[in-house]
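Student: Here it is, the structure in full.
The values are calculated or read from the model by the stated rules, or taken from the named source; none is laboratory data. Fair warning: this is a prediction, and the values are worked out from it, not measured in the lab. Don't worry about glycine lacking a Cβ; one is built from the backbone with ideal geometry, like all the others, and counts go over all protein chains shown.
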Amino acid sequence: MDRKHIRRQLIEDEGSVPHAYLDSLGYWTIGVGRLIDGDKGGRLREDEIEYLLDNDIDDVVSHIISEYPWFGDLDDVRQGVIVNMTFNLGKLGFSRFKLLHAACARHDWEDAAREMLDSRWATQVGSRAIRLSEEMRTGGNDGNE
């Protein structure tokens with residue numbers, strides 16, 4: 001079997017779309033004709049979900065490193081908080097937390113945690129914000145790694 005030939009044909013026949021779309025029958029699809037519409041039995045395998053997540057984390061971390069010089073000075077737990085927030089808020093959304101950035105740069109963890117909780121984001125994500133602000137404040141987590 002000539003896998004390269006099959007790949008070329010499928011890309012030509014199906015197209016290659018870098019986002020979710022409705023196919024000609026109205027089913028949610030991604031990539032090269034990959035059915036993901038749960039109502040029609042489509043899905044991602046666990047290894048595919050983990051692969052996508054790892055790529056997304058790498059993208060977020062690269063962005064944070066390039067934009068926030070203080071990030072490298074944080075311990076692992078607080079770096080994890082920043083990655084989690086940026087993943088959730090998006091790059092632009094996280095960029096708006098200017099007072100949090102300043103608190104992190106000066107290692108003022110009480111102020112950083114307060115800035116996290118004093119936001120619309122905190123009301124939107126509820127317990128996530130409480131957990132992450134506590135990790136920011138203490139530099140510790142609950143050990144569920």
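Student: I'd like to check something: does segment 22-32 contain any residue that is exposed (fewer than 12 other Cβ atoms within 10 Å of the Cβ) and in the same structural domain as residue 127 (by TED's automatic domain parsing)?
Tutor: For segment 22-32, residues exposed (fewer than 12 other Cβ atoms within 10 Å of the Cβ) and in the same structural domain as residue 127 (by TED's automatic domain parsing): absent.
Student: While we're on this one: From the residues in segment 22-38 that are assigned to a loop (DSSP other than H, G, I, E, B) and of a type in the set (Ser, Thr, Tyr), which one is farthest from residue 52 (Cα to Cα)?
Tutor: If we take residues in segment 22-38 being assigned to a loop (DSSP other than H, G, I, E, B) and of a type in the set (Ser, Thr, Tyr), then 24 is farthest from residue 52 (Cα to Cα).
Student: So how many residues does segment 44-75 have that are assigned to a loop (DSSP other than H, G, I, E, B) and either of a type in the set (Phe, Trp, Tyr) or within 25 Å of residue 89 (Cα to Cα) (or both)?
Tutor: 4
Student: Being surrounded by 12 or more Cβ atoms within 10 Å (Cβ to Cβ), β-branched (Val, Ile, Thr) and more than 21 Å from the chain's Cα centre (by Cα), is that true of even one residue in segment 35-44?
Tutor: No: zero hits.
Yes/no per residue for (1) touching a residue at least 24 places away in the same chain (Cβ under 8 Å); (2) more than 12 Å from the chain's Cα centre (by Cα); (3) loosely packed, with under 11 Cβ neighbours inside 10 Å:
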| position | (1), (2), (3) |
| --- | --- |
| 48 | no, yes, no |
| 56 | yes, no, no |
| 60 | yes, no, no |
| 65 | no, yes, no |
| 74 | yes, yes, no |
| 83 | yes, no, no |
| 88 | yes, no, no |
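Student: Out of all the residues in segment 6-21, which are surrounded by 13 or more Cβ atoms within 10 Å (Cβ to Cβ) and not in a strand (DSSP E or B)?
Tutor: 10, 11, 14, 15
Student: Have a look at 59, 75 and point out the one that is over 30 Å from residue 19 (Cβ atoms) and out of contact with any Asp or Glu (no Cβ under 8 Å at 6 or more places or on another chain).
Tutor: None of the other options fit; the residue is 75.
Student: For residue 104, work out the one condition from (1) closer than 30 Å to residue 21 by Cβ; (2) in contact (Cβ under 8 Å) with a residue 24 or more places away in the chain it doesn't fulfil.
Tutor: Here residue 104 meets the rest and fails (1).
Student: Residue under question is residue 3, and the condition is that it be out of contact with any Pro (no Cβ under 9 Å at 6 or more places or on another chain) and loosely packed, with under 12 Cβ neighbours inside 10 Å; does it hold?
Tutor: When the stated conditions are applied, residue 3 passes them.
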